[in-house]
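Some notes on the structure that comes next.
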Amino acid sequence: MKKIFITGCTGYIGSHTCVELLNAGYEIVGLDNFSNSKKEVLDKIKEITGKEIKFYEGNMLDKTILSKIFEENEIGSVIDFAAYKSVGDSVNMPVEYYINNVSSVLTLLSVMKSHNVKSIIFSSTAAVYGDSTIIPVTEECETGKTINPYGTSKLYCEGILKDLYKSDNSWNICIFRYFNLVGAHKSYLIGEEPNGTPANLMPYIAKVALGELPCLNIFGDDYNTPDGTGIRDYIHVVDLAKAHVSAIKKLELDKKGMHIYNLGTGKGYSVLEMVKTFEKVNNVKVNYKIVKRRPGDIAVSYADATKAQNELGWKAELTLEDMCRDSYMFTKSLKNKGVK
Ligand code: UFG
């Protein structure tokens, strides 16, 4: 069996996907430069699965290491996770974001092409829809009105992949648009480890519950939603990882095609609902205060996830309670280990 090459294999989604693929019997070659992850994740993956990935340390922009990986291994398909993902940083460092997120894809695709590997799953984001007027968001909804360089960088990558497929339809391309991923593996050995103060809701709530941050700032309660706070589609990272296993199986069967799927649960929850569920599930108190809206936030975003269900046979199974419990337990395990 040919191997799967995973870029960003020690990151939040990459590590969980490695676990699911190894458990499903696939062999993995991985690349990471640990720009937003830790070397220990490789040991954790082994501890969870009892299996190892063949690992290369390096940067996606380095054509030499990418070529070496394709020369030394028989690669069947690629899953491209390696990217910068902080919305805030992307506004302050657009050039770095475009180089890292867009140039890396171009480098990867050119190396894949020269080794005649034409099968790729690409990590995109619901941010490509911007503030969609249609809710739930289907894959047919308009894209392009992105509001930050992170979202725009992913949009450009989608465009590159679409042009590539137009030019040569023997490629086999799957684009996943992720909604708001949260949670951690039930071993609590891997999960999200944000650098510094988290920008996203769930890790922030967890740190407030653990007393590491004083209070959650809820960004606005004057949106046009039932309780006035923003609504999002939160999906457990293990469910999301499993979608990649389903997609790999589809790529193996289809041989060629271009497919785009939303990955969400299809349900939207408000910030206040998240806080209440988190408190109930974990039996903790989350102090919060309402502050003004965060610039660039939209009121409501949740997915129509039926296309992935119909075509990949995949559906998110884990509940909001699972997400709140696993996010809390993982953050607590970091605290117990003294990780800041
Ligand atoms: N929120 C707060 N307080 C916080 C953090 C967030 O009230 O401290 C609110 C936001 O206003 C929003 C909701 O919680 O209503 C979710 O915010 P996140 O920052 O967790 O997530 P976003 O929906 O803003 O963005 C996330 C990722 C993006 C990705 C997008 C896709 O950060 O990279 O989901 O849907 F593109």
Picked from region 46-98 (must be closer than 26 Å to Pro198 by Cα and among the aromatic types (Phe, Trp, Tyr)), the residue nearest to the ligand (Cβ to nearest atom) is Tyr84
Within region 134-173, how many residues are under 28 Å from Glu96 (Cα atoms), touching a residue at least 60 places away in the same chain (Cβ under 8 Å) and either in contact with a Leu (Cβ under 6 Å, 6 or more places away or on another chain) or among the aliphatic types (A, V, I, L, M) (or both)? 3
Pairs where the first residue, in region 308-321, is without any contact (Cβ under 8 Å) to a residue 24 or more places away in the chain and the second is open to solvent by 90 Å² or more (accessible area, probe 1.4 Å) and part of a loop (DSSP other than H, G, I, E, B), C-beta under 6 Å, 6+ apart: Gln309/Lys315
Evaluation of Thr229 against (1) over 30 Å from Ile120 (Cβ atoms); (2) away from the ligand (no atom under 15 Å from the Cβ); (3) among the β-branched types (Val, Ile, Thr) (one fails), failing number: (2)
Can you say whether Gly196 is small (Gly, Ala, Ser) and either open to solvent by 40 Å² or more (accessible area, probe 1.4 Å) or at pLDDT below 95 (or both), as far as the supplied structure shows? yes
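For Lys256, state whether it is touching an Asp or Glu at 6+ places or on another chain (Cβ under 9 Å) and at pLDDT below 95. Walk me through it before giving the result.
Working: touching an Asp or Glu at 6+ places or on another chain (Cβ under 9 Å): no; at pLDDT below 95: yes.
Judged against the criteria, Lys256 is not a match.
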Look at region 19-73 and say how many of its residues are open to solvent by 40 Å² or more (accessible area, probe 1.4 Å), part of a strand (DSSP E or B) and among the hydrophobic types (A, V, I, L, M, F, W, C). 1
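The values are calculated or read from the model by the stated rules, or taken from the named source; none is laboratory data. On a predicted model such as this, the values are computed, not experimentally measured, just so you know. Positions of Cβ are generated from backbone atoms using ideal geometry, with glycine treated the same way; all protein chains shown enter the neighbour counts. What goes into the accessible areas is simple: the full protein's heavy atoms, side chains included, and nothing from ligands, DNA or RNA. Shrake-Rupley method; radii C 1.70, N 1.55, O 1.52, S 1.80 Å.
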